[in-house]
Every structure is written in structure tokens, then in C-alpha cells.
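The values are calculated or read from the model by the stated rules, or taken from the named source; none is laboratory data. Quick caveat: nothing in here was measured; it's all calculated off a predicted structure. Cβ sites come from the backbone with ideal geometry, for glycine too, and all protein chains shown count toward neighbours. Quick note on the areas: whole protein, heavy atoms, side chains included, nothing else; ligands and nucleic acids left out. Shrake-Rupley method; radii C 1.70, N 1.55, O 1.52, S 1.80 Å.
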Amino acid sequence: MTTLAAPLDVRLMNLTATLLFTGCALFALAGGAWWALRHPAFAIARIVVQGELAHNNAVTLRANVAPRLSGTFFTLDLALARSAFEAVPWVRRAMVRREFPNRLRVELQEHQAVAYWGAEGDSSLLNSFGEVFEANVGDVEQDVLPRLSGPSGQGAAVLAMYQTLQPLFEAADLSLEQLDLSGQGSWRAQLDTGAVLELGRGSAAEVQARVQRLLKTVTQVAGRYGRTPQAVETADLRHADGYALRLRGVTTQTTEPRKK
């Protein structure tokens, strides 16, 4: 049995019909997708906020962020939405995900302020990760925070040194109120008594050893002059074999011989 090939014009008509049908189907799918992407039924209708929030609440967050969100459930840019939430004061990190058909779920992590950062009067804060952030310092809940400072990018290192030294001073009934790291790598501390301590350079272990040497002997040294450690004005711990000390109310005078 012999099968005859369809004439060329018939095959062209069949091919044309197939292409037209495929094109119409694709056009219909594209139209349906366009409709779905932009239909009001898929507009973001609800934002669910989760997380331990001390400085923000779900109502104000939605009011502040919602106007900055554009698109529907399908077209919303999640990266831009995350940036919008993270731009809110006190928000450290935001995780945003879609929930069909028209809801966003946002999990927030707030900064936990552990110190003021920078020179006296600066409004920057330092969080528990050693990250510098900007916020209204009037919203700080703690009554007293230390003031730490140092070169840009050194927040974590300064915080780590503070956490190393503060327990030593607490054990001596003192408190470390300020700690500064200079651009040359030298440490300076100020206590709640007003005493300024030059701690010098070096690793945390080296600086810790100098502070321990001071605290072990300062009571005895100050006692020789009828003073307590709270009378220390300045202490220079950068000496290899000891430290230099200045006490309030104690002066060293040189008496010149009288002329005959």
C-alpha cells in the first residue's frame, strides 16, 4: 500500500494553522497571567508582623512601610520590601515572605543597644553584635550605657574589650563608663569616679594583665597617702614595670633652696 504525501500547499496550510493556534494559546496564557498579576484580588491586603519588638509595633510598622510597597502578591519585590522594613529605626533585620493569596509575613529582629558609640553628644548606638546603628537615643530603655568609640569598623573589637575589662572593675566596686580605641591602637578608659586610665596597646590579654596589676595594688598604694582607689585621677599603665598614678588631693612639690 502506497501512502501519498500531501501536496505542498496543504502542508503549508496545516503548518500555518498550527502556528496560529499556538500563538493564540500563548497570547491567551500571557493575557491570563497579566490579569492574575495585576488583579485587585491579589493586592497585598494584610501584613503580619512577628518578632520581639520593644521599640516598634505592628500598627506603626504597617503604616510606615505599606505606602513604600508596590506591586501585588506576585509582582512585589521581596528584596525591596525587606529594605523598607530594615530602614525603620531600631530594626536590624527583616525576613519577608509571601502567603497566598494576598498576605505578607514579616519577622523582625530589633537592635539591642549595649553602648553609645562615638564622641560625647553623638547619637550613634552600638548593638550586641558590635554594629553601629542610628536611632533616637531617647528611646534607650537602660538608664546607663557605657560610651565606646574607635575607628570605623572596630565596634565589635571595642565591645569585646569592654566586656573583658568591665567585670574586673566591677569586682573592685568600680564601673567602666568609657572606653576608646585610638587610630594608633591605644586604649583609654574612664571610670565612674572620673579616673582616666591610659591602658596602652596590645592584645586583650595584655591589656587585661595591666588592669589586673593596677587593681591588685592600687588600694595599697593609695592607702599610703590616706586615699582610696576612688581618689585616682589618672593612671598610666603603659610602663613595663609598673604604672604612674595621680591621686586627688595629693601633690608632689619641689622646694627650691632659699637664697642666702
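Tell me, yes or no, whether region 132-152 has at least one residue that is touching a Lys or Arg at 6+ places or on another chain (Cβ under 9 Å) and modelled with pLDDT of 95 or more. Yes, region 132-152 has at least one match. The combined condition, being hydrophobic (A, V, I, L, M, F, W, C), open to solvent by less than 70 Å² (accessible area, probe 1.4 Å) and part of a loop (DSSP other than H, G, I, E, B), is fulfilled by Val250. The criterion of at least 2 residues that are touching a His at 6+ places or on another chain (Cβ under 9 Å) and open to solvent by less than 30 Å² (accessible area, probe 1.4 Å) is met by the following strands (runs of 3 or more DSSP E) wholly inside region 36-131: 124-127. Filtered by the rule that a residue be in contact (Cβ under 8 Å) with a residue 40 or more places away in the chain and touching a helix residue (DSSP H, G or I) at 6+ places or on another chain (Cβ under 8 Å), region 114-168 gives Val114, Ala115, Ala160, Met161, Thr164, Leu165, Leu168. Of the candidates Thr22, Thr72, the single residue that is at pLDDT below 70 and either touching a strand residue (DSSP E or B) at 6+ places or on another chain (Cβ under 9 Å) or among the polar types (S, T, N, Q) (or both) is Thr22. Conditions: (1) surrounded by 14 or more Cβ atoms within 10 Å (Cβ to Cβ); (2) modelled with pLDDT under 85; (3) β-branched (Val, Ile, Thr). Thr16 meets all but one. Number of the miss? Checking Thr16 against (1) surrounded by 14 or more Cβ atoms within 10 Å (Cβ to Cβ); (2) modelled with pLDDT under 85; (3) β-branched (Val, Ile, Thr), the one that fails is (1). Based on what the data block shows, is Ala209 within 30 Å of Leu126 (Cα to Cα), surrounded by fewer than 15 Cβ atoms within 10 Å (Cβ to Cβ), free of Cβ contacts under 8 Å to residues at least 24 places away in the same chain and out of contact with any Lys or Arg (no Cβ under 7 Å at 6 or more places or on another chain)? So Ala209 passes the test.
Checking each residue in region 132-152 for being open to solvent by 60 Å² or more (accessible area, probe 1.4 Å), closer than 27 Å to Gly183 by Cα and not in a loop (DSSP other than H, G, I, E, B) picks out Val132, Glu134. Of the residues making up region 158-175, one or more are buried (at least 18 other Cβ atoms within 10 Å of the Cβ), in contact with a strand residue (DSSP E or B) (Cβ under 8 Å, 6 or more places away or on another chain), at pLDDT 95 or above and more than 24 Å from Leu245 (Cβ to Cβ).
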